[in-house]
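Written out below as structure tokens is the structure these notes cover.
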Amino acid sequence: MDGFGDARWYAMRPAGSRKPATYRCPFCRGHLPALTDHLLVLPEGDATRRRHAHTACVTRARANGRLPLREEVEPLRPGLLARLLRRS
Ligand SMILES: [Zn+2]
């Protein structure tokens, strides 16, 4: 699965493609016409590994805990803000 499934976190954004292409959703393996509203999923923010996915499939994967966001696996250290404020 080309490194898509084993990323530590994922970024998601609305797809803005206007190409008349059809993608395959990595979650349900179903076809996904590019012109329908859907989402881009970027493993660890890596655009070269991005996949087009149905919005409903992304929502379901999020609910199942399969698509952690960066801030969920790499929480800001509590001391960071304090240190930034102290420096100024
Ligand atoms: Zn799907």
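Each value in this text was obtained by applying a stated rule to the coordinates, not by laboratory testing. Model, not experiment: these values are computed from the prediction. FYI the Cβ positions are ideal-geometry reconstructions off the backbone, even for glycines, and counts take in every protein chain you see.
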Percent RCO, i.e. relative contact order, over the chain, from Cα pairs under 8 Å lying at least 6 residues apart:
29 percent
Which one of PRO20, LEU80, ALA47 has its Cα pushed farthest toward the positive end of the charge dipole of the chain, where Lys and Arg give +1 and Asp and Glu give -1 at the Cβ?
LEU80
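Please state the charge dipole magnitude for the chain, taken about the Cα centre, from unit charges on C-beta atoms (+1 on K and R, -1 on D and E), reported in debye and rounded to the nearest 20. Intermediate results must be reported in sequence, preceding the final value.
On the way: 17 positive and 8 negative charges, 40 e Å.
Charge dipole, the chain, about its Cα centre: 200 debye, nearest 20.
Could you compute the net charge surrounding MET12? Neighbours are other residues with a C-beta less than 14 Å from the C-beta of MET12; K and R count +1, D and E count -1.
Working: positive: ARG13, ARG49, ARG50, ARG51, ARG60, ARG62, ARG66, ARG70; negative: ASP37, GLU44, ASP46, GLU71, GLU72.
Value of the local net charge: +3.
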Given the peptides 47-55, 59-67, arrange them by the average over their residues of other C-beta atoms within 10 Å, most packed first.
47-55, 59-67
Go through 72-83, 34-45, 15-26 and give me the packing order, highest mean Cβ count within 10 Å leading.
34-45, 15-26, 72-83
